[in-house]
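Working notes, structure below.
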Amino acid sequence: MSTTIEPTPTPERHAMGKSMKRKEDPRFIRGHGRYLDDFTLPGMLWMSLVHSPYPHARIVKIDKTAALAVPGVVAVLTGEDLAAHNLAWIPTFHGYDKQMVLAVGKVLYQYQEVAGVIASSREIAQDAAELVDVEYEPLDPVVNPFQSRDDKIILRDDRENKTNHIYHWEVGKREETDAAIAASDVSIKERIVFQRCHPAPLEPCGILADMNPATGRLTLYLTSQAPHAHRTVVSLVTGIPEDKIHVISPDLGGGFGNKVPVYPGYVVSAAASVVLGVPVKWIETRTENLTTTGFARDYHMDVEIGASKDGRVTALKVATVADHGAFDAAADPTKYPAGLFGIVTGSYDFPTAFTELDAYFTNKAPGGVAYRCSFRVTEASFAIERGMELLARKLNMDPSELRLLNFVKKEQFPYPSPLGFVYDSGDYHMTLRKALDMIGYEDLRKEQAQKRERGELMGIGISTFTEAVGAGPSKHFDIMGIKMFDSAEIRVHPTGSAILRAGTKSQGQGHETTWAQIAAEELGLDPQNIMVEEGDTDTAPYGLGTYASRSTPVAGAAIAMASRKIREKARKIAAHLLEAAVDDVEWTNYKFQVKGQPDHALTMQEIAFAAYTNPAPDSEPGLEATYYYDPPNLTFPYGAYIAVVDVDRETGAVKVRRFLAIDDCGTVINPMIVEGQIHGGLTEGFAIAFMQEIVYDESGNNLNTNFTEYLVPTSLETPHWETSSTCTPSPHHPIGAKGVGESPNVGSPAAFVNAVMDALAPLGVTHIDMPLTREKVWRAVRDAKGTLSA
Ligand code: CDP
């Protein structure tokens, strides 16, 4: 049993702060969800991709003959065929690089897409793909970014600059930080690697492209977290006018950032449908998902922290080498090549800081997606939370005390960080103290001391992370030039029910419920009767989609603001009906009343009916509004997580005995949904900490091509989660909400690793890179030079 997230401590609310059951669940539970694979169109063909077995090779020849001879095969497309339509390459997210759709000239990573076979069935397409005869001339691969640095093998000969170095990025004060660290009483330096991992949603990516020659419209049923952005990209790349493109993102079986990029399979299927004039479908296999679609992380971070001998931090420096794979396809806003990595000072008041990053090409799949993460916030949080743990060890100080000593204080908000963010709100001391109390920290430390005397390895790990989410303010944030606002359109029907459409796209986060709750709260309507629709570019207002926990901070705000626009109009109608001056009508207790006269009151439902049957003279009939919300700042959710582990010194097995997550995401819309988000994210964080890594061998072979090699935890491995909350509302968000979806994935890996390192502290082990597999832990115990008696 876990403790539940407490509702926001506000006066009794109408719809928000309540654990309303998810409106979408009856549909999903009864098997009535409509996922991409459920869509079939008359005359539909299937597409299957041919992949390179080599990580780096020249393509000598592609022979389609045998594949084309298979009955049912309609076409085989290669990079050269696409080049004839100017589609051999597509721009990557930032617009700083481009990416091959189907390989032309050479392949740059194992499993790279080389050809597409279009056939009457999926099976025929797959079988014929194996008959496409590609002759390769293998080249030496570059499999890690440190090898890439020396430029002995240039991977991207298509680029003007003959180097594997993609970019250098830095922020902060280098000299001042170096000097402060050098002058510190104590300092730590550690290379901390956040391994390459993969979001691996249960439903892989796919497309059903339907070019209708009669209407000239291209309909794309697409596993898309950002349908409008995808429509614009398709239009820009193909020249097809945007009104002739219709993107429908149906129910999604998870996304986690994996369904943000444009993948070759999408482009080949759409091109095939345009050329052939029939619908073409492609659904990737699990292996295609793990080997070719957007990976996450792969940051190699050198973390240095200086401190005084009493534990006050003086400076932070983080220098990162990033492995971007074959193309710079990282999904980051244009002005942020390293995402929001600048949040790396975390929850601590560093007088000065500096961070720099160099990104390199390697012979690996491209990506760098924001896997349940606000653009590299996860890597940054891991770096600082591991760094603070190492510092506590060096200072021989309790890690909770070190944190409490260095936290940004609540009276310092809005807090300008040394790396350029202005944190909106928080009370880090309150949240950590609550966590320490709830878990019984002092007793656990006593228990640990007793166990250590007996030679048992017990560890307690803390992570007190801060995130920057809600991208973002248009003055800083855009993707390919499109500003990162979001939108909502609400239409209240005459009988007081409504339809709400937003530019976001749920992948399991429960938007159909929480969006209705926000509008219902603002309008005094029944959330059960507010239908939420997302994912259809013909109907939804333009928005940038759902990833990076941006939905609540941006679209959630747009929903509140659209509702308030409706309320203002409703006030005029109420004044007309109540025969009062508009200024004398007030919104009290979810009704309009003449000031001080509760018996002269009208519900929104009554007003809605009047809007269509008896509108105020000289006013526009109807009751609807659209709002495009450009946030003034990001929101800064945070949390205090504590893991308690026991390590078996004989086998290296780690048992997560307890895990407490206290999250602060400001005003909570639906406590049950927030709790579900946290359970899911903690499970992913657990998997990353202990099980998951996309590994390439020295020849560039991907060793994790399916779920027997890339492990996903089941209920048997997953620990029991304890959750709770504190609430410091965002001062600039209309309802005070901050994002939460990614917090547990961001915050938990450091808590797990810190706990295991704490357990191994008596053996002198300070750091092991994730994943902390039994073998790695067992080796560390075996190799330890510690003094612990057996
Ligand atoms: O962008 P994404 O939907 O992935 O993340 P989010 O904005 O953090 O929201 C995840 C889910 O939690 C949504 O259904 C939100 O409405 C809900 N949530 C909430 O109930 N209260 C909050 N303060 C934040 C999110």
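At-a-glance table
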read-out: Members of segment 424-447 found to be touching a residue at least 24 places away in the same chain (Cβ under 8 Å) and more than 17 Å from ALA640 (Cα to Cα), listed by number; value: ASP424, ARG445
read-out: Residue match in segment 110-128 (condition: within 27 Å of the chain's Cα centre (by Cα) and under 30 Å from LEU419 (Cβ atoms)); value: no
read-out: Residues located in segment 94-140, provided they are surrounded by fewer than 24 Cβ atoms within 10 Å (Cβ to Cβ) and closer than 14 Å to ALA57 by Cα; value: VAL104, GLY105, LYS106, TYR111, GLU113, VAL134, GLU135, TYR136, GLU137, PRO138, LEU139, ASP140
read-out: Filter result for THR766 (more than 16 Å from the ligand (Cβ to nearest atom) and either surrounded by fewer than 24 Cβ atoms within 10 Å (Cβ to Cβ) or free of Cβ contacts under 8 Å to residues at least 12 places away in the same chain (or both)); value: yes
read-out: Among (1) within 10 Å of the ligand (Cβ to nearest atom); (2) at pLDDT below 95 - the single one ILE673 does not satisfy; value: (2)
read-out: Output for segment 463-484, where each listed residue is of a type in the set (Gly, Ala, Ser), in contact with a Lys or Arg (Cβ under 8 Å, 6 or more places away or on another chain) and within 15 Å of the ligand (Cβ to nearest atom); value: GLY470, ALA471, GLY472
read-out: Selection count where residues are assigned to a strand (DSSP E or B) and either among the hydroxyl-bearing types (Ser, Thr, Tyr) or free of Cβ contacts under 8 Å to residues at least 40 places away in the same chain (or both), scope segment 131-178; value: 2
read-out: Test result for GLY700, away from the ligand (no atom under 16 Å from the Cβ), touching a Pro at 6+ places or on another chain (Cβ under 6 Å) and not aromatic (Phe, Trp, Tyr); value: yes
read-out: Selected residue (criterion: farthest from the ligand (Cβ to nearest atom)) from residues of segment 726-761 that are touching a Pro at 6+ places or on another chain (Cβ under 8 Å) and among the polar types (S, T, N, Q); value: ASN754
read-out: Residue in segment 478-491 that is at pLDDT 95 or above, of a type in the set (Ser, Thr, Tyr) and closer than 30 Å to HIS94 by Cα present; value: yes
read-out: For ILE460: the one exception among (1) away from the ligand (no atom under 16 Å from the Cβ); (2) assigned to a loop (DSSP other than H, G, I, E, B); (3) farther than 20 Å from ARG376 by Cβ; value: (2)
read-out: Strands (runs of 3 or more DSSP E) enclosed by segment 500-617 - at least 1 residues per element that are buried (at least 24 other Cβ atoms within 10 Å of the Cβ) and either away from the ligand (no atom under 16 Å from the Cβ) or of a type in the set (A, V, I, L, M) (or both); value: 530-533, 585-588, 591-594
read-out: Whichever residue in segment 247-293 is aliphatic (A, V, I, L, M) and part of a strand (DSSP E or B) and, among such residues, is farthest from SER743 (Cα to Cα); value: VAL280
read-out: Scan of segment 591-614 for residues that are more than 13 Å from GLU568 (Cα to Cα) and within 45 Å of the chain's Cα centre (by Cα), ordered by number; value: GLN593, ALA601, LEU602, THR603, GLN605, GLU606, PHE609, ALA610, TYR612
read-out: Leading residue by the ranking (nearest to SER563 (Cα to Cα)) among those in segment 629-654 that are within 16 Å of the ligand (Cβ to nearest atom) and in a strand (DSSP E or B); value: TYR629
read-out: Residue count, segment 206-229 (criterion: touching a Phe, Trp or Tyr at 6+ places or on another chain (Cβ under 7 Å) and among the hydroxyl-bearing types (Ser, Thr, Tyr)); value: 1
read-out: Unique match (being in contact (Cβ under 8 Å) with a residue 24 or more places away in the chain and in a loop (DSSP other than H, G, I, E, B)) among VAL781, VAL740; value: VAL740
read-out: Contacts under 8 angstrom Cβ, first residue in segment 489-511 being more than 22 Å from ILE673 (Cβ to Cβ) and touching a residue at least 12 places away in the same chain (Cβ under 8 Å), partner within 12 Å of the ligand (Cβ to nearest atom) and of a type outside the set (Lys, Arg), 6 or more apart; value: GLU489/ALA502
read-out: Boolean, ALA66 is over 27 Å from TYR696 (Cβ atoms) and outside any strand (DSSP E or B); value: yes
read-out: Flag for TYR542 being closer than 30 Å to ASP243 by Cβ and at pLDDT below 95; value: no
read-out: The listed residue being hydrophobic (A, V, I, L, M, F, W, C), under 22 Å from the mean Cα position of the chain (by Cα) and in a helix (DSSP H, G or I), out of ILE694, ILE669, ILE662, ILE673; value: ILE673
read-out: Test for ALA119: is it touching a residue at least 12 places away in the same chain (Cβ under 8 Å), touching a helix residue (DSSP H, G or I) at 6+ places or on another chain (Cβ under 6 Å), more than 25 Å from LEU703 (Cβ to Cβ) and hydrophobic (A, V, I, L, M, F, W, C); value: yes
read-out: Single condition ASN86 does not satisfy, out of (1) touching a residue at least 12 places away in the same chain (Cβ under 8 Å); (2) in a loop (DSSP other than H, G, I, E, B); (3) surrounded by fewer than 22 Cβ atoms within 10 Å (Cβ to Cβ); value: (1)
read-out: Count of residues meeting criterion [surrounded by 14 or more Cβ atoms within 10 Å (Cβ to Cβ) and more than 36 Å from the chain's Cα centre (by Cα)] in segment 50-71; value: 6
read-out: Unique match (being outside any strand (DSSP E or B), of a type in the set (A, V, I, L, M) and over 23 Å from THR177 (Cβ atoms)) among MET397, MET438; value: MET438
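Quick grid of which residues meet (1) surrounded by 24 or more Cβ atoms within 10 Å (Cβ to Cβ); (2) within 12 Å of TRP169 (Cβ to Cβ); (3) modelled with pLDDT under 95; (4) in contact with a Lys or Arg (Cβ under 7 Å, 6 or more places away or on another chain):
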{"site": "ARG312", "(1), (2), (3), (4)": "no, no, no, no"}
{"site": "GLY346", "(1), (2), (3), (4)": "yes, no, no, no"}
{"site": "THR352", "(1), (2), (3), (4)": "no, no, no, yes"}
{"site": "MET388", "(1), (2), (3), (4)": "yes, no, no, yes"}
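The values are calculated or read from the model by the stated rules, or taken from the named source; none is laboratory data. A quick note: this is a predicted structure, and the numbers were derived from the prediction, not measured. Methodologically, a virtual Cβ is constructed for each residue, glycine included, from the backbone with ideal geometry; neighbour enumeration extends over all protein chains shown.
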